[in-house]
1. Taking loop as defined by DSSP and a crowding limit of 13 other beta carbons within 10 Å, which GluC sites (Glu not before Pro) in region 1-74 fit?
2. With an 8 Å cut-off on Cα pairs and a minimum separation of 6 or more residues, tell me the relative contact order of region 78-123 in percent.
3. I need the peptides 87-98, 65-76, 28-39 ranked by packing, meaning the mean over residues of other C-beta atoms within 10 angstrom, with the highest value on top.
4. What number, in percent, do you get for the relative contact order of the chain if the mean sequence gap of Cα pairs under 8 Å and at least 6 apart is divided by its residue count?
5. For residue 72, what residues show an amide H to amide H distance below 5 Å, using hydrogens built from the backbone and excluding near sequence neighbours?
6. Do any cysteines in the chain lack another Cys Cβ under 4.7 Å, and if so which?
7. Aspartates and glutamates near residue 8 by alpha-carbon distance under 18 Å, same-chain residues fewer than 8 away left out - which ones?
8. Show the residues, 5+ positions off or on another chain, whose built amide H is closer than 5 Å to the amide H of residue 25.
Amino acid sequence: MKYLSTDKAPAAIGPYSQGIIVNGIAYLSGQIPINPSSGQVEAKTIEEQTDRVCRNVGALLEAAGTSFDHVIKTTCFLAEIADFAAFNAVYEKYFTSKPARSCVAVKDLPKGVLCEVEAIAEV
């Protein structure tokens, strides 16, 4: 196993790693819209937060030596299912290869954010 670590994505805020590569597959921990430079959630709208989340996922993919084109599966968490269309409008700009996906609404997300995305990618 190889543990991923980059300062271009938020540091883990609990007892977990940013991601792990096993047998040529990168398993990325869920990303929330924390700006890695400040360590704060600065984005307010679902569109802004989704963009920040996708940029964080992109930084982890880069650290793993892969890209959005090699993402196999994502799991997306929304604080409000009513944000589904707005979330998708931003998400589809990054995940152009259309990986398999689950998207669910949840009761709460860390730090009160509106969305979180985890990914699995081929390295």
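1. Counting only loop positions with at most 13 other Cβ atoms within 10 Å, the GluC sites (Glu not before Pro) in region 1-74 are 42.
2. Values: 24 pairs, mean separation 25.8, N = 46.
Contact order relative to length: 56 percent.
3. 28-39, 65-76, 87-98
4. Working: 250 pairs, mean separation 40.0, N = 123.
Value for the chain: 32 percent.
5. 120, 121, 122
6. Flagged as lacking a Cys partner: 54, 115.
7. Straight-distance partners of residue 8: 42, 48, 51, 62, 116, 118.
8. For residue 25, the qualifying residues are 123.
The values are calculated or read from the model by the stated rules, or taken from the named source; none is laboratory data. This structure is a prediction, so every number in the text was calculated from the model and none was measured. Because the Cβ atoms are built from the backbone with ideal geometry, glycine has one as well, and the counts that use them run over all protein chains shown. These area figures cover heavy atoms from the full protein model, side chains too; ligands, DNA and RNA do not enter into them. Shrake-Rupley method; radii C 1.70, N 1.55, O 1.52, S 1.80 Å.
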